[in-house]
Structures are given as structure tokens and as C-alpha cells.
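Worksheet: the structure to be examined is printed underneath.
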Amino acid sequence: MRVMLNRWLSSAVAKPVWFVVSVLPVAWLVWGAVADQLGANPAEALVRATGDWTLRALCIVLAVTPLRTVSGVTGLARMRRMAGLFVYFYASLHLLAYAWFDMGFELPDIAKDIAKRPFILVGFSAFVLLTPLALTSFNRAIKAIGARRWQVLHRAAYCVAGLAILHFFWMRAGKNNFAEVAVYAAVLSVLLGWRLLRRLQQS
Amino acid sequence: MLIKSQDNGFNHLVASEITPQAIYTRRRELLKGAAAWAAGAGLASWTAREAFADSAWGSRLGKLAALNTQASKVEGALTMEKVTPYKDASGYNNFYEFGTDKSDPAANAHTLKTSPWTVEVEGLIKKPGKFALEDLLKLSPLEERIYRLRCVEGWSMVIPWIGYSLSELIRKVEPLGSAKYVEFISLADPKTMPFVGSRILDWPYAEGLRLDEAMHPLTLLTFGMYGEVLPNQSGAPVRAVVPWKYGFKSGKSIVKIRFVEKQPGTAWNKAAANEYGFYSNVNPTVDHPRWSQATERRIGEDGLFAKKRKTLMFNGYEAQVGQLYAGMDLKKYY
């Protein structure tokens, strides 16, 4: 099983398949918008769905290394960069949906909104923090800054995970409705906890 | 990319494009008449309702019992704005007893048993008692009122409600001079309401109004919408509607109305006092701590890329209700 998975993951089709799977949610949302299938408030549905998919993509990219180590399916490592870029892709769509549907692209209003509302500020900070990670995701960038420093920089992903959960938690706080927040927080805690545990064991 | 909703034909830029209600109603009468001529009187009302259901207010109508109404003469009771399609008004609801997602109530509220139903009226009144729903329905003629509904979450609808001014009931029970507030208690039945028992709110759902707010002719004791009895997810069989306040002030599925001296605790105020005040008048100048209240999205009407519309003071009912709050600091009493 492990051998088969590894062989498949190192094949030429693995990445294109991973790409198509990662794009499916957005294709589904676009179809939903065109076919008027997003419910009574399609704008809200788009903002929420892109936020949900950002969190899911974040869980997926942070699961790659633990899964690889635990299962021995080393080929998973090849998928990590694309998975990371999809976090940024969905985060960008989420920000775009908010700026467009919620704020009508009024830049001064958006700036005021970010300054005024802590949960928007936290979400926006997570996006800002993700940007250098996305920009340095190609091989030459790694060489240019040095592998070690690149690695330190990309640990900011853990910070992004924390901010994203805080953003979601705050969004739901007024209505005391934390069931979904708890699910993402639990998954991310396990993934970050696993790393912490390993670090402690190694030292 | 231009995404058109199926309701584009109803986007009226100028008021003159809107069919006056009298003509609209006459068309319905004509339709009824034609149906009567063609198919006999027995079939007529059915045909008219089907045609009606398929036309302006959208599908899924015609499944619940119809209610006979007269047009309201209360000032401000009949906005001429385009009515929200029935499928949106009945499919996009906050009714946390049946779930927190806005599609949950429509999916889960079928378990609610609305008959028999009684409303207990008690407290500082001369004539306390229990009212059977049938008696409440006969207490005063039912009127159709087309109100804007503004949710605290920043969306709005236009809904043709059916009911009569709550003041009709209040006069019948004769409040004592000491009664200053009216409290509305909703049903909290864990057997039929799956989320009663969750810790989201302090059940039963409770809401309240100052007595003069409750006596205002626009405050509606509501039994139906879109020509029919209320669907369960909209607060069947009887609810309040207070059009100049955020939607959550209008308690659903009411089982008790209590007249009290002190301002009653209300469900959302108890859950998050800094976000949901007792008054909760629609007010574009007082923001919710986590979002602006200056604008709103009209459900089912504005296209996906349309700008949100500006929220009106007191949801556009300032001329009717502004004097209730004369001299009050609405930033403090939000």
C-alpha cells in the first residue's frame, strides 16, 4: 500500500490530479453563483465558503508532514508546496469576496473596517503574513534566502493558523456558536501539537 | 461577468414603475373571476391561489392554510417595495431553537406542533387569562402589512405579514398603571426543538418591549405571511413583528405574554449585552461591535454584485416611531 502510494505520488499525474482536486471547490462555487444555487444570500455564502476552504486548505498543508512521517508515505512531500499555495489562493478569494461583496470595493471603507473591527484585522493580518510565504515558494527564492532562513520564515504558517482560528472564533463569538470553530481548532491543535511533541522528543 | 437573478423584472428604479396595490389586487380579482367563470366557484379560489403562488411571491406558496385579510389603514403599514420571494423569506431564517444555520429552521421546524396552541397573558393586568389560538385569531380583523425586516446581521427583506396591532390585545387585557414593559416568552420544547438544550442561548427565548412600544399601531401580533398562516420556521402559529427594530426583537412561537414593571431580561441581551441591547432599534449610526450597521443587503433582490443599500433610521419608520425615543441617547440605549 505504502509502496503503491509512493509510486503514484512520484508519478507525473500526481500533481495535476492534486491540482484539479484543489480547484474543485472554487469550480463548484462559480457554478453555484452562475446557476443561482447559493441560497438566499449568495454573497454571504461566497464569503463564508471561501473562508471555510482557506481553513481546510490550511489543515491539509499542515497535515502533510505528520502524515508523511507517521505513514511513511514520503511522496506526500511533493504535494506540500502546491497545498501551501492553495491556502494562499483561497485566502485571496476570501479577501476578494469580502472586499467585493461586503464592501463594494470601496478602499477607504475597507481600510476603516480593518482598523475598526478586531476580527477583520486578525483575518487581514493572517493574509498579510501568508503573502511572503507564497512569494518565496519557488526554488530560486529558497536558494536566495538560504534554506535555514527560508524554513524559519515558513514557520509563520503556524502563526497564520492561530490567527485564522482567532478570526473565525471572533466572527462566531457574538452568537456563541462555536461547534465548527472547535472542529478546526481541534484539527490544528493536533497538527501543531504533534510537531511540538516531536521537537521535545528530539531535544 | 453579469449574474442575473430570476427576479430582475421586479427591480424598480423609480416608484412609478411599481404596480399600485389596488391595481395589483384588481388583477388578482380578475383572475379569480375568470377562473370562476371557467371552472366554477369551487375551483376558483384554488386556481387563483395557484396562479398567485406561481407569480409575484414565488413558488412553494399554497401549501399552508390561507388567511383572509383586509388592507391595513395604519400609517406606514404598507411599503411599496418589492416583496421578497416566499422561498427566501421561508428558507433563510434565524430560529435558533431549530439550528444556527439559516437553512436549518426550514429543514427542522416541521416537528413543531402548532395546534392546539394557547397564549397565556399574565402579570400586571386586570384580565389575565389563557387565549386559545382560535380566539386570538378572532379578536380583531386580520390585516395585511407589508413591512421591511432588518436583521442585526446586515440583511433585510420585505415581508407581507398578516395580523393585527398588538394594542388590540393589550386593550382587551387592561394593563394596570404599574405595567411598564411587556415580555414575550417563546416556546422551549426540547422534544420538538432540537437546539433547546444547547448552550447558545438561555432558553426559553425571551424578548421585551416598553409598553408604549408595544402599544404602537405598527407593532403587529402576527399569524401569517404571504396570504397564508406562518410557516413553522417563521414563528408559527403566533409571533410579534416590530418593524423598526432588528429582527431578533420580534419573538417567535409565543406562548406567554407578561406585563411587568421592570425592564425584562431578553435572550440576546443576556447572551452578549455589549452586542445586543434591550432597545435594538435599527440605527445606521450605531454599529454592532463587529460590523457596521450603515448598510444592508436586500435578500433575493439585489444581484450578487449590487452595492448594499443604505440602512434607514428606525428602518424607515422614523416618521411613525421617532417620537417614542425623543430625548433618548440611542448610543447608550442601543
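The values are calculated or read from the model by the stated rules, or taken from the named source; none is laboratory data. A quick note: this is a predicted structure, and the numbers were derived from the prediction, not measured. With ideal geometry, Cβ positions are generated from the backbone for all residues, glycine too; neighbour counts draw on all protein chains shown. We work out accessible area using only protein heavy atoms, side chains counted, and drop any ligands, DNA or RNA first. Shrake-Rupley method; radii C 1.70, N 1.55, O 1.52, S 1.80 Å.
Roughly how much accessible area, to the nearest 100 Å², goes out of reach of solvent when A and B pair up, both sides summed, probe 1.4 Å? Don't jump to the answer; show the numbers that get you there.
Values: alone 12550 and 15950 Å², together 26280 Å².
In total, this chain pair buries about 2200 Å².
Plugging the Kirkwood radius over Cα pairs into Stokes-Einstein for the stretch A:61-109, at a temperature of 20 °C and a viscosity of 1.002 mPa s, what D comes out in µm²/s?
Numbers: Rh = 12.8 Å.
Once the numbers are plugged in, D ends up at 168 µm²/s.
Anyone know which of A:I114, A:I60, A:I165 comes out most mobile in the 10 Å Cα GNM of chain A?
A:I114
Across peptide A:40-51, how many C-beta atoms of other chains are within 10 Å of each residue C-beta, on average? Kindly include the intermediate steps, with their values, before the conclusion.
Details: counts 15, 11, 7, 9, 7, 2, 1, 0, 0, 0, 0, 0.
Other-chain Cβ atoms within 10 Å of each residue's Cβ, averaged: 4.
Take the Cα pairs of the protein assembly as shown, get the Kirkwood Rh, then feed it into Stokes-Einstein at 20 °C and 1.002 mPa s and tell me D in µm²/s.
Values: Rh = 26.2 Å.
Roughly 82 µm²/s, to the nearest whole number.
Express the relative contact order of the stretch B:82-156 as a whole percentage, based on alpha carbon pairs under 8 Å and six or more residues apart in sequence.
Normalised by residue count, the contact order of the stretch B:82-156 is 15 percent.
Divide the volume of the convex hull of the Cα atoms of the stretch B:267-334 by its number of residues and quote the answer in cubic angstrom per residue.
Details: hull volume 8.0 nm³, N = 68.
Each residue corresponds to 118 Å³ of Cα convex hull volume.
Rounded to a whole number, what % of the accessible area of the protein assembly as shown do carbon and sulfur atoms account for, probe 1.4 Å? Let's see the in-between values first.
Numbers: 16370 of 26280 Å².
Carbon plus sulfur share of accessible area: 62 percent.
What accessible area per residue, rounded to a whole number of Å², is obtained for the stretch B:178-277 using a probe radius of 1.4 Å? Before the final figure, lay out each step's value.
Working: 3020 Å² over 100 residues.
On a per-residue basis, 30 Å².
Taking only Cα atoms and a 10 Å spring cutoff, compute GNM fluctuations for chain A and point out the largest among A:V61, A:V20, A:V122.
Looking only at A:V61, A:V20, A:V122, the largest GNM fluctuation is found for A:V20.
Quick one: what Rg and Dmax do you get for the stretch A:112-203 from the alpha carbons, in Å?
16.0, 47
Take the alpha carbon gyration tensor of the stretch B:107-258, find the square roots of its eigenvalues, order them as a ≥ b ≥ c, and report rounded if a/c is under 1.5; if not, report prolate when a/b exceeds b/c, else oblate.
Details: a/c = 1.33, a/b = 1.18, b/c = 1.13.
Because its axes are fairly even, with a/c under 1.5, the stretch B:107-258 counts as rounded.
With labels modelled as points extended 7 Å from the Cα through the Cβ direction, what inter-label distance (nm, one decimal) is found for A:A134 paired with A:V30?
1.7
Averaging sequence separations of C-alpha pairs under 8 Å and six or more residues apart, then dividing by the length of chain A, give the relative contact order as a whole percent.
Values: 156 pairs, mean separation 42.3, N = 203.
Relative contact order here is 21 percent.
Averaged over its residues, how many other protein chain Cβ atoms are within 10 Å of peptide B:291-302's Cβ atoms?
Values: counts 8, 7, 0, 1, 4, 0, 6, 1, 6, 3, 0, 1.
Counting other chains' Cβ atoms within 10 Å and averaging over B:291-302 gives 3.
Would you please classify the overall shape of the stretch B:180-277 from the alpha carbon gyration tensor, given that a ≥ b ≥ c denote the square roots of the eigenvalues, rounded means a/c under 1.5, and beyond that prolate means a/b larger than b/c while oblate covers the rest? Don't skip to the answer; put the middle values down first.
Numbers: a/c = 1.66, a/b = 1.02, b/c = 1.63.
Note, shape of the stretch B:180-277 comes out oblate.
By the gyration tensor of its Cα atoms, with a ≥ b ≥ c the square roots of the eigenvalues, what is the shape of chain A: rounded for a/c under 1.5, prolate for a/b over b/c, or oblate? Let's see the in-between values first.
On the way: a/c = 1.69, a/b = 1.44, b/c = 1.17.
It comes out prolate by the Cα gyration axes.
Pick from A:V190, A:V152, A:V73 the residue whose mean-square fluctuation is largest in a GNM of chain A, springs joining Cα atoms under 10 Å.
Among A:V190, A:V152, A:V73, the largest GNM mean-square fluctuation belongs to A:V152.
Which residues belonging to the stretch A:155-203 lose at least 30 Å² of 1.4 Å-probe accessible area when the assembly is complete, relative to their chain isolated?
A:G174, A:K175, A:N176, A:N177
With a cut-off of 8 Å between alpha carbons and a minimum separation of six or more residues, what is the relative contact order of the stretch B:213-334 in percent? Let's see the in-between values first.
Details: 151 pairs, mean separation 24.4, N = 122.
It rounds to 20 percent for the stretch B:213-334.
Inside 10 Å of the C-beta atoms of B:303-315, what's the mean count of C-beta atoms belonging to other chains? Don't skip to the answer; put the middle values down first.
Numbers: counts 2, 11, 5, 3, 5, 5, 0, 0, 0, 0, 0, 0, 0.
Counting Cβ atoms of other protein chains within 10 Å of each residue's Cβ and averaging gives 2.
Over 12 Å apart: what share of the alpha carbon pairs of the stretch B:93-137 falls there, rounded to a whole percent? Don't skip to the end; give the middle numbers.
Details: 672 of 990 pairs.
Tail fraction, whole percent: 68.
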